[in-house]
Amino acid sequence: MIASVLAGLSILMIGDSHLSSPGYLIDSLQDRLIADGAQVHTLGVCGSNPGDWVSSVPGTCGGAKRSGKAPLIKLSNAKTVPVDQLIAADKANLVVIVLGDTISGYGKDDFPKAWAWQQVTALTRNLAAHKTACVWVGPAWGSEGGKYGKTYARVKYLSSFLAANVAPCSYVDSLTFSKPGQWVTIDGVHLTPLGYKYWGADIAQAIVKLSAVRQLVQTSAKKK
């Protein structure tokens with residue numbers, strides 16, 4: 001991939017625990033996006049739901065932040081920050097959202113559809129109101145069982161739900177990147193560092209191919 005493919009983009013990444021630990025997407029995906037020419041700033045809050053990102057809500061298990069190529073900084077008392085404030089602070093023209101597993105209802109008989117819809121639309125409506133381009137990254141297969149009770153049937157349903165409801169954000173379907181159980185997990189949900197390396201690379205490649213992102217890059221180039 002040529003280094004200029006995302007030149008001119010200032011990307012804000014927000015999400016849950018997949019952006020909260022060393023070796024996770026806060027490293028692998030951020031590094032790939034930077035290699036593709038973007039400026040990237042990430043805030044991950046473990047346990048956060050989509051609707052939490054329109055206000056300030058404490059996470060349930062810490063978090064992390066990372067700016068550019070610098071090492072991530074662990075945050076023991078992480079809180080979400082309203083996404084419009086983060087966008088303004090970073091002058092971001094693209095928001096990448098890594099959220100899904102926290103609204104899945106893993107371990108429960110039924111998917112909490114009404115609540116999940118409220119969570120997703122709270123965030124997407126905020127982004128739409130501010131006319132901010134966005135990409136929503138859906139969950140990976142993970143593995144069945146583990147302490148969260150993840151199942152392939154539920155994550156498949158969840159991914160379909162997100163694909164149908166995250167507009168105006170573009171959707172990246174992570175289930176297309178691997179087969180169920182192909183990427184080893186440590187607990188059913190979180191991958192090994194090698195898995196996150198594969199996942200981050202696949203997400204970056206998908207983002208580059210999105211027509212909305214290509215248009216954004218072209219618009220940024222014309223402003224220079």
Legend entry - Under 19 Å from the Cα of Lys150 - lysines, other chains or at least 8 residues apart: Lys108, Lys113, Lys179
Inset, instruction - Pairs of Cα atoms under 8 Å, at least six residues apart: use those to get the relative contact order of the stretch 132-209, whole percent. - result: 38 percent
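Trypsin sites (Lys or Arg not before Pro), restricted to the stretch 1-86: which are DSSP loop and have at most 13 other Cβ atoms within 10 Å?
Numbers: sites: Arg32, Lys65, Arg66, Lys69, Lys74, Lys79; in loops: Lys69.
For trypsin sites (Lys or Arg not before Pro) across the stretch 1-86 that sit outside H, G, I, E and B with at most 13 neighbouring Cβ atoms in 10 Å, the list reads Lys69.
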Legend entry - Between the stretch 98-160 and the stretch 169-224, the Cα center-to-center distance that results, in Å: 16 Å
Inset, instruction - Show which lysines lie in cross-link reach of Lys223 when reach means a straight Cα distance below 28 angstrom and same-chain residues fewer than eight apart are skipped. - result: Lys69, Lys91, Lys131, Lys209
Legend entry - the stretch 55-145: relative contact order as a whole-number percent, Cα under 8 Å and 6+ apart: 26 percent
Legend entry - Protein accessible area in the stretch 147-224, 1.4 Å probe - carbon and sulfur %: 56 percent
Inset, instruction - Sum -39500 (n - 2.57) across every DSSP H segment of at least 4 residues in the chain, then divide by the residue count to get the 222 nm mean residue ellipticity, nearest 500. - result: -11500 deg cm²/dmol
Legend entry - Only Lys, Arg (+1) and Asp, Glu (-1) charged, at Cβ; the chain dipole about Cα centre in debye: 540 debye
Inset, instruction - Quick one: grab the alpha carbon gyration tensor of the chain, order the square roots of its eigenvalues as a ≥ b ≥ c, and give me rounded if a/c is under 1.5, else prolate or oblate depending on whether a/b is larger than b/c. - result: rounded
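May I ask you to derive the relative contact order of the chain, considering only C-alpha pairs under 8 Å and at least 6 residues apart, and to give it as an integer percent?
In percent, rounded to a whole number, it is 21.
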Inset, instruction - Among the trypsin sites (Lys or Arg not before Pro) in the stretch 91-175, which ones are in a DSSP loop with at most 12 other Cβ atoms within 10 Å of the Cβ? Mind listing them? - result: Lys91, Lys108, Lys131, Lys147
Inset, instruction - With both partners inside the chain, how many of the DSSP beta bridges are antiparallel, as a percent to the nearest 5? - result: 35 percent
Inset, instruction - Starting from the eigenvalues of the Cα gyration tensor, five times each then square-rooted, give me the equivalent ellipsoid semi-axes of the stretch 1-111, largest first, whole Å. - result: 24, 15, 14
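If you take every DSSP beta bridge fully contained in the stretch 8-68, what fraction is antiparallel? Give it as a percent rounded to 5. List each step's numbers first, then the result.
Working: 5 of 11 bridges.
Percentage antiparallel, nearest 5: 45.
The values are calculated or read from the model by the stated rules, or taken from the named source; none is laboratory data. These numbers come from a predicted model, not from an experiment. Don't worry about glycine lacking a Cβ; one is built from the backbone with ideal geometry, like all the others, and counts go over all protein chains shown. The area values use the complete protein model at the heavy-atom level, side chains included, leaving out ligands, DNA and RNA. Shrake-Rupley method; radii C 1.70, N 1.55, O 1.52, S 1.80 Å.
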